[in-house]
There are 4 protein chains.
Amino acid sequence: MKLLQIITTGGTIDKIYFDEKSDYKIGEPEISRILGDMNVGFRWQVQPLLRKDSLQLTEADRDLVRAAVEGSEARHFLITHGTDTMVETAQRLQGLDDRVIVLTGALNPARFIGSDAVFNIGCAVGAVQCLPTGVWIAMNGRVWDPNTVRKNRDANRFEPIGSG
Amino acid sequence: MKLLQIITTGGTIDKIYFDEKSDYKIGEPEISRILGDMNVGFRWQVQPLLRKDSLQLTEADRDLVRAAVEGSEARHFLITHGTDTMVETAQRLQGLDDRVIVLTGALNPARFIGSDAVFNIGCAVGAVQCLPTGVWIAMNGRVWDPNTVRKNRDANRFEPIGSG
Amino acid sequence: MKLLQIITTGGTIDKIYFDEKSDYKIGEPEISRILGDMNVGFRWQVQPLLRKDSLQLTEADRDLVRAAVEGSEARHFLITHGTDTMVETAQRLQGLDDRVIVLTGALNPARFIGSDAVFNIGCAVGAVQCLPTGVWIAMNGRVWDPNTVRKNRDANRFEPIGSG
Amino acid sequence: MKLLQIITTGGTIDKIYFDEKSDYKIGEPEISRILGDMNVGFRWQVQPLLRKDSLQLTEADRDLVRAAVEGSEARHFLITHGTDTMVETAQRLQGLDDRVIVLTGALNPARFIGSDAVFNIGCAVGAVQCLPTGVWIAMNGRVWDPNTVRKNRDANRFEPIGSG
């Protein structure tokens, strides 16, 4: 892996809390802070592309993500994304030659104690350098083919299609 | 201090995040978990009274808090409360004989990394056993007379009335 | 409280871990980082005086701490200190006119998840501005007269002399 | 991956701090707590085999680890290990048919704020399900062939042999 190209689109992973409005908002990409702290031994760069809840992503937004991948010289991609439509975006990215793309995110904001963000990013980083060409999702400690996984909103976890 | 009576009313300190709704909600009183973890050397009990943003507290709610203090045998009280109307509730509690009452809360949810919740609770605990009879606010590392302090929402901090 | 003068002497609160030696060492004063993060509403300054386990403090070291207090213009002092001989140092500081001195520390390094450091510092900060002239210890959520408290090493907590 | 068999051998990742001795000691396997918190979507079990600094591991210990792998029905293994001799143990495990073995650990104890433990375990979990048969090391965000990597103790990181 010569370079890990990271594209951020928003989602729960980057949510912060603003007391003055008693509300949350999507902040700076947490992945920059996390990979910096972890002192990783590979080259990486972050492209902050969108800052949205994934329920609010439009088809134009997904085209933008696809164009960002197509327009990059990199071979390895990590995309942080809201969980609710992560599968749709992953499917939209299929069919690009010679690229390994892993999407991940978090069920709890990275700034929460006990958040799954650091673990999920680790999982995505470990997977992206071992996987063949294609699009993949790293959530709940598993590396999923986006055609065989769904988010179970009631259980708040990713699971195989047809289970539960 | 024979017993620290803790009354919880909600507020940012107890906010947790529910991904399924992409929203924050007030959860269980965090102070129970925090004082348990800290292995404190005094007797305490928690009375979960309300679970509201302090902007939504009514006069009836404040009467309820006052009644809870009046109805208790304890002499020392720590009340967790949202920050936006903490001063109003503190003023509403004035005039009760022979009781030391400290209100505190947090500008960031206790479950956030870097939250001020643990520090503020520590500050309130340290103050309540050293203060004379009366009602006090422990926020931003200071112990305030509620008649001389306000929350500055823009700066997101408590400050003396007349400053800024 | 016009100014909180903070003197650091080392102890568990400031211990960090060095993998290269599989050992720990006393690092920079954690209280500077903590009070900075907490955005406190009073003036404070840190004087890093010693960097020792409190079991290794000599009488000359305690004289140095006393001289640092005597040499300062401040009226309010917070001293971070190892827990094993905190009581001895506190007693050594008694008899200084017109000063409020609170010693605190931690049973677990501040950089540990779940450490009591932030809570204890909060407790000391809350107490120091409410206490009369004298020397005090803030540990395990209580504000102690140093003549009536001891560290119980087996139970790893502070308790009244004569208990247990 | 039908089952992830986890073998723990000690190392920095599991170090905890005991104030009564002002010393660190290896505690319970942190990976059990971490994978439990992360709500992972695969079956796993933990076999606590050793509790040593990796500098203290003997050849007999490494034989024990190899025997534990050989004696298991599982195909996928994650081994937590001290960093100083992780490469030696990895090499000692080579040559076992039809097994994917990933070793990981941490440069800072898992119980430290900012530790690399959760990230490294995520990385190992992501890699183990994507890698072919063989023995691998997941450290510093990279998945290494143990014949091409070393720990640089001065820089406190893993790097390719021949670099630096």
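Looking at A:12, A:80 in this structure, which one is touching a residue at least 24 places away in the same chain (Cβ under 8 Å), within 30 Å of residue B:155 (Cα to Cα), polar (S, T, N, Q) and in contact with a helix residue (DSSP H, G or I) (Cβ under 7 Å, 6 or more places away or on another chain)?
A:12
Contact map, segment A:121-145: first residue of a type in the set (Ser, Thr, Tyr), second residue open to solvent by less than 10 Å² (accessible area, probe 1.4 Å), Cβ cut-off under 8 Å, separation 6 or more or different chains; pairs are A:133/A:100.
In the set B:143, B:135, B:118, only one residue is open to solvent by 10 Å² or more (accessible area, probe 1.4 Å), over 25 Å from residue C:104 (Cβ atoms) and not acidic (Asp, Glu); that residue is B:135.
One residue stands out among those in segment B:92-114 that are over 26 Å from residue B:63 (Cα atoms) and in contact with an Asp or Glu (Cβ under 9 Å, 6 or more places away or on another chain): the one that is surrounded by the most Cβ atoms within 10 Å (Cβ to Cβ), which is B:110.
If the condition is being at positive phi and surrounded by 15 or more Cβ atoms within 10 Å (Cβ to Cβ), then segment B:146-164 contributes only B:156. Do we have any residue at all in segment D:87-97 that's under 16 Å from residue D:8 (Cα atoms), assigned to a helix (DSSP H, G or I) and of a type in the set (A, V, I, L, M, F, W, C)? Yes, some residue in segment D:87-97 is under 16 Å from residue D:8 (Cα atoms), assigned to a helix (DSSP H, G or I) and of a type in the set (A, V, I, L, M, F, W, C). Residue D:106: part of a helix (DSSP H, G or I) and under 23 Å from residue A:106 (Cβ atoms), yes or no? When the stated conditions are applied, residue D:106 does not pass them. For segment D:26-82, taking the residues that are hydroxyl-bearing (Ser, Thr, Tyr) and in a helix (DSSP H, G or I), the one that is most open to solvent (accessible area, probe 1.4 Å) is identified as D:32. Report yes if residue B:133 is under 23 Å from residue B:44 (Cβ atoms) and among the polar types (S, T, N, Q), otherwise no. For residue B:133, the condition - under 23 Å from residue B:44 (Cβ atoms) and among the polar types (S, T, N, Q) - is met. The one condition from (1) away from chain A (no Cβ under 12 Å); (2) more than 20 Å from residue D:7 (Cβ to Cβ); (3) at pLDDT 95 or above that residue D:140 does not meet is (1). For residue B:82, the stated conditions hold: it is under 30 Å from residue A:82 (Cβ atoms) and modelled with pLDDT of 95 or more.
The values are calculated or read from the model by the stated rules, or taken from the named source; none is laboratory data. None of these values were measured; they are calculated from a predicted model. Heads up, the Cβs are rebuilt from the backbone with ideal geometry, glycines too, and the neighbour counts pull from every protein chain shown. Keep in mind that these areas ignore ligands, DNA and RNA; they rest on the heavy atoms of the full protein, side chains included. Shrake-Rupley method; radii C 1.70, N 1.55, O 1.52, S 1.80 Å.
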